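*Asks:* Sending over a structure as structure tokens; questions will come in a sec.
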Ligand SMILES: Nc1ncnc2c1ncn2[C@@H]1O[C@H](COP(=O)(O)OP(=O)(O)OP(=O)(O)O)[C@@H](O)[C@H]1O
Ligand SMILES: [Mg+2]
């Protein structure tokens, strides 16, 4: 009961103080808001990138063309190797007849051209799906080493470029976010410092009448906490409405039907919770730094 | 029963100043004790050791059973809850009313509001400020402000009231009123009062126990004493026991 009353009075004091130092509090809140908006953007980006990478993993395949001289023994050899090869999740044999049938279906001109040829000019092939898109290149190189492999191909260049862009995006947003989090913590600690200085007499009296150290520190910690929570309101609303609208406007697809966005529900709520947690923790860390430095009791 | 027991206490400040040297004294429950001495003699330092604003460099200071010298910073509040302190400059919160200033002490200790109210009103009544509970400090005279400070110091009914020159900023007439209030608190609730002062007239009139400190040394300790510092220096260490 007593602890609860001290808690309640601390919270009341924190609110009073926030409104008393209004402009400074607003600066802290604004900084937290900007930081959290960027955190939100980076969260949306990285989750979607993860989802897209996963999609790519299923869509991207290596096509291994076998030379016409390949013997049945060699085919069994490579199949056995593929069963144990690292990074290979599955493979499928696609014979030249299958290729021919597919091509005929897709293109009428090709259809007639292929009809004139008595010999099938296409190659037997194996279609390989990988576990890890990032190692697509290595696996392809490994497959090229077989004598009877005519060629092994994947969407070379494109994959590397996309992954490279994704990496740059996540590293870039991450470093901006970390820098902003630090700036925010510093700004909040500065706000709390001024609160502490402006309440010197109050702290002195509290000490004098026998308030415990925790009871003295609590209002300041709460103040940072509340600043952080206030700072997360706009980012949370933006995340929930912004992302949902984006998802609905695009129909959930980016560029092609292959790349889909993460479904907004419950995703936006998870992001919101993360934002509130980050905001409040940054606020408390900021005030804790200040309390430790300026409230030596 | 001894409320305060100081034995061979020393206070040497970080800059090397010896403010209190080899001071030994004991004070009973319910006593009224003046601490006098010229400026810079160490009165405030002695008093600060009693409520652990300063830690004794050496020796022991025991207040209400708590060994102040061994008290950790995080436990100081336990000592503070047993005593009240009044200063020359009142130390009121300017934005709070008389009532709120007095209630502030109990609020920070986490008392429920329905217990706070009667205690605050009782303390305000004891210092005769019943009519001004809603005033802000800047709407009060110096004497009235000091009375608020006294009310705040006694609101938790401490066993010990420590006053460092409580009348230092007040005119002689107002000082007398403050002394009357302190005397009444001392008599009625058996609160032990220790008061540092420069006021010769007050000390002479009250006829209470007087400790004289010169250059950090307790040079005289007399029952029903008076403000005669100079003789006691010539004729030192007339120990009271
Ligand atoms: N925090 C401090 N650091 C260093 N020296 C101090 C400190 N406080 C007091 N002193 C020194 O200790 C000595 C005693 O000071 P103290 O304040 O106890 O005297 P006092 O008797 O209360 O004086 P006054 O009557 O003027 O209030 C003085 O020489 C003073 O300069
Ligand atoms: Mg002094």
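*Asks:* Name the single residue that is nearest to the chain's Cα centre (by Cα) among those in the range A:165-182 being within 30 Å of residue A:294 (Cβ to Cβ) and surrounded by 15 or more Cβ atoms within 10 Å (Cβ to Cβ).
*Replies:* Looking at residues that are within 30 Å of residue A:294 (Cβ to Cβ) and surrounded by 15 or more Cβ atoms within 10 Å (Cβ to Cβ), I get A:177.
*Asks:* Something else now. Kindly evaluate residue A:128 against the criterion of being more than 19 Å from residue A:67 (Cα to Cα) and in contact with a helix residue (DSSP H, G or I) (Cβ under 9 Å, 6 or more places away or on another chain).
*Replies:* Judged against the criteria, residue A:128 is not a match.
*Asks:* For the range B:184-194, give me the residue count where each residue is out of contact with any helix residue (DSSP H, G or I) (no Cβ under 7 Å at 6 or more places or on another chain) and either within 16 Å of ligand 1 (Cβ to nearest atom) or at negative phi (or both).
*Replies:* Of the residues in that region, 6 qualify.
*Asks:* Also: Among the residues of the range A:8-21, what is the count of those that are surrounded by 15 or more Cβ atoms within 10 Å (Cβ to Cβ) and more than 9 Å from chain B (Cβ to nearest Cβ)?
*Replies:* Count: 7.
*Asks:* Picking from B:85, B:98, B:102, which residue would you name as being surrounded by 20 or more Cβ atoms within 10 Å (Cβ to Cβ), more than 10 Å from chain A (Cβ to nearest Cβ) and closer than 13 Å to residue B:156 by Cα?
*Replies:* Unique residue meeting the criteria: B:102.
*Asks:* Next question. Considering only the range B:27-74, how many residues are farther than 17 Å from residue B:3 by Cβ, within 16 Å of ligand 2 (Cβ to nearest atom) and away from every other protein chain (no Cβ under 14 Å)?
*Replies:* Final tally of qualifying residues: 10.
*Asks:* Further, regarding this structure: Which pairs have Cβ atoms under 9 Å, sit 6 or more apart or on different chains, and link a residue in the range B:195-207 that is farther than 17 Å from residue B:41 by Cα to one that is assigned to a loop (DSSP other than H, G, I, E, B) and within 12 Å of ligand 1 (Cβ to nearest atom)?
*Replies:* Listed pairs, sorted by first residue: B:203/B:197.
*Asks:* Return only the number of the condition from (1) in a helix (DSSP H, G or I); (2) within 14 Å of chain A (Cβ to nearest Cβ) that residue B:143 does not satisfy.
*Replies:* (2)
*Asks:* Here are some conditions: (1) touching a strand residue (DSSP E or B) at 6+ places or on another chain (Cβ under 9 Å); (2) free of Cβ contacts under 8 Å to residues at least 60 places away in the same chain. Residue A:62 meets all but one. Which one does it not meet?
*Replies:* The single condition residue A:62 does not satisfy is (2).
*Asks:* Run down B:162, B:213 and say which single residue is closer than 23 Å to residue B:101 by Cα and either away from chain A (no Cβ under 14 Å) or at pLDDT 95 or above (or both).
*Replies:* B:162
The values are calculated or read from the model by the stated rules, or taken from the named source; none is laboratory data. Please read all numbers here as calculations on a predicted model, not as lab measurements. Heads up, the Cβs are rebuilt from the backbone with ideal geometry, glycines too, and the neighbour counts pull from every protein chain shown.
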